[in-house]
Amino acid sequence: MMKFFFYCILSLFTGLQLQAQDFSLYQKKWFIANNDTLPYRILLPKDFQPTKKYPLVLVLHGSGERGSDNEKQLSHGANLFLNDTVRQDFPAIVVFPQCSENSYWSNVKITTDSAGKRTFNFQTDGEPTTAMHLLQRLVTSLTDNYPIDRKRMYVGGLSMGGMGTFELVRRNPKTYAAAFPICGGANPETANKLHKTAWWIFHGAKDDIVSPTFSEQMVDALKKHKAEVLFRLYPDANHNSWDSAFAEKDLLPWLFSHYK
């Protein structure tokens, strides 16, 4: 439990440093539905042309970046998409939504025993959380209001966001061409609803917050359903395997090569 709090505090501290970095190109937006609000940041391509279709990249943050400040969700991964070369070579509409403090991207059941060990019970169905419900409606709004190429829609995320990545694709199996969950997990029984999407799954072998077993099980299940799946297990990484994943030079070429 202490290690879990350490990573949450580290994520919060990182979020406080955002003001020292220039994320102003990510426009601040708020999606509102039924008195619920989902803050999000959106980065448009250089030389954006409203008459041109662009891929959509959706990035889901971890539990430490939850809130309503519309800032902390940029703690991990946002720099990658601001890179001049990336913006030149992979023009896309990039969106970082922010889950509220009292919700979760996926409807996983989490229990903690007396020793502080957490257990994740991934669901195969059930109603979406408030955050997931808003996220799905946000995606609909984005595709209605921005020139998004619906054949090139992608999603990825870390930790809680990795779990949310699996669930978002499960709930929308015909939508996303490729996905990249990092240190996440899902119920292997849901793989039959995920196999039409290409996957690159990442995890740290020493992760003691979210066990790498969860990713390994999903890789095996996806392969059984003939899905296109890559797996990168970092032998020396703990829970912050997102640092290595976002540094993968082949991640974006792989991602943008996929079409629905």
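The values are calculated or read from the model by the stated rules, or taken from the named source; none is laboratory data. This is a predicted model, so every value here is computed, not measured. Here the Cβ positions follow ideal geometry from the backbone for every residue, glycine too, while neighbour counts run over all protein chains shown.
Table for the structure above
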read-out	value
Answer residue from region 159-178, given it is without any contact (Cβ under 8 Å) to a residue 60 or more places away in the chain and part of a loop (DSSP other than H, G, I, E, B) and is surrounded by the most Cβ atoms within 10 Å (Cβ to Cβ) among those	172
Test result for residue 127, of a type in the set (Asp, Glu) and under 16 Å from residue 60 (Cα atoms)	no
Single unsatisfied condition, residue 225 versus (1) touching a strand residue (DSSP E or B) at 6+ places or on another chain (Cβ under 9 Å); (2) more than 23 Å from residue 75 (Cβ to Cβ)	(1)
Filter result (surrounded by 12 or more Cβ atoms within 10 Å (Cβ to Cβ) and either over 18 Å from residue 147 (Cβ atoms) or modelled with pLDDT under 95 (or both)) within region 33-50	33, 36, 37, 38, 39, 41
Odd one out for residue 72 among (1) basic (Lys, Arg); (2) surrounded by fewer than 17 Cβ atoms within 10 Å (Cβ to Cβ); (3) closer than 21 Å to residue 24 by Cα	(2)
Single match in 227, 237, 245, 205 (criterion: buried (at least 22 other Cβ atoms within 10 Å of the Cβ) and touching a helix residue (DSSP H, G or I) at 6+ places or on another chain (Cβ under 8 Å))	245
Qualifying residue in region 68-77 (condition: acidic (Asp, Glu) and assigned to a loop (DSSP other than H, G, I, E, B))	yes
Considering residues of region 179-199 that are within 12 Å of the chain's Cα centre (by Cα) and part of a strand (DSSP E or B) only, the residue farthest from residue 246 (Cα to Cα)	179
Residue check, residue 56 hydrophobic (A, V, I, L, M, F, W, C), modelled with pLDDT of 95 or more, surrounded by 11 or more Cβ atoms within 10 Å (Cβ to Cβ) and assigned to a loop (DSSP other than H, G, I, E, B)	no
